[in-house]
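Taking it in order: structure first as structure tokens, then the write-up.
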Amino acid sequence: QVQLVESGGGLVQAGDSLKLSCAASGLTFSNYAMGWFRQAPGKEREFVATIRLGNTNTDYADSVKGRFTISRDNAKNTVYLQMNSLKPEDTAVYYCAASNMFVRPAKYRSWGQGTQVTVNV
């Protein structure tokens, strides 16, 4: 049973930084691409970033490019999202997700419960 637990959210001011963590268990971590998604009140869930096995194999939503960095520590079964220069528009519940790279079609099939990030002006 795959379990993903996010942490690190909080209340910050615009321009501040936060680092989210997602601890994974119940899976062979190296087999999974990991992703971050977010959902703001009244809006649909949106893609933020994804990472495969290597830390160079990353993709980002245009809205966060240059500000957010996704990384993973395979020894710790943990994926991170470093968020810099936060904007009020970044306010959302942030979710961690896992996609088995050897299962097709590619899909995020496991999700965490989310962690709240609130950015005040």
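The values are calculated or read from the model by the stated rules, or taken from the named source; none is laboratory data. Being a predicted model, the structure only gives us computed values, none of them experimental. When we count neighbours, we look across all protein chains shown, and the Cβ atoms used for this are built from the backbone with ideal geometry, even at glycine. The protein model used for the area step is the full one, side chains on, heavy atoms only, and it has no ligands, DNA or RNA in it. Shrake-Rupley method; radii C 1.70, N 1.55, O 1.52, S 1.80 Å.
Pairs, please: C-beta under 8 Å, at least 6 apart or cross-chain, first residue over 30 Å from N100 (Cβ atoms) and in segment 1-22, second open to solvent by 40 Å² or more (accessible area, probe 1.4 Å) and not in a strand (DSSP E or B)? The qualifying pairs are Q13/V121; A14/K87; A14/P88; A14/V121; G15/S85; S17/N84; S17/S85. Inside segment 1-34, residues that are in a loop (DSSP other than H, G, I, E, B) and closer than 20 Å to F68 by Cβ make up a count of 6.
In segment 78-94, of all residues being assigned to a loop (DSSP other than H, G, I, E, B) and either in contact with a Gly (Cβ under 8 Å, 6 or more places away or on another chain) or of a type in the set (V, I, T) (or both), the one that is most open to solvent (accessible area, probe 1.4 Å) corresponds to S85. Of the numbered criteria (1) outside any strand (DSSP E or B); (2) touching a Pro at 6+ places or on another chain (Cβ under 7 Å), the one V119 fails is (1). Picking from residues in segment 1-27 that are among the polar types (S, T, N, Q), within 22 Å of A75 (Cβ to Cβ) and modelled with pLDDT of 95 or more, the one that is most open to solvent (accessible area, probe 1.4 Å) is Q3. Residues that are among the aromatic types (F, W, Y) and out of contact with any Leu (no Cβ under 9 Å at 6 or more places or on another chain) were ranked within segment 95-121; the one that is most open to solvent (accessible area, probe 1.4 Å) is F102.
Considering only segment 35-77, state which residues are assigned to a strand (DSSP E or B) and either surrounded by fewer than 19 Cβ atoms within 10 Å (Cβ to Cβ) or of a type in the set (G, A, S) (or both). Residues satisfying the conditions are G35, Q39, E46, F47, A49, T58, D59, Y60, T69, S71, D73.
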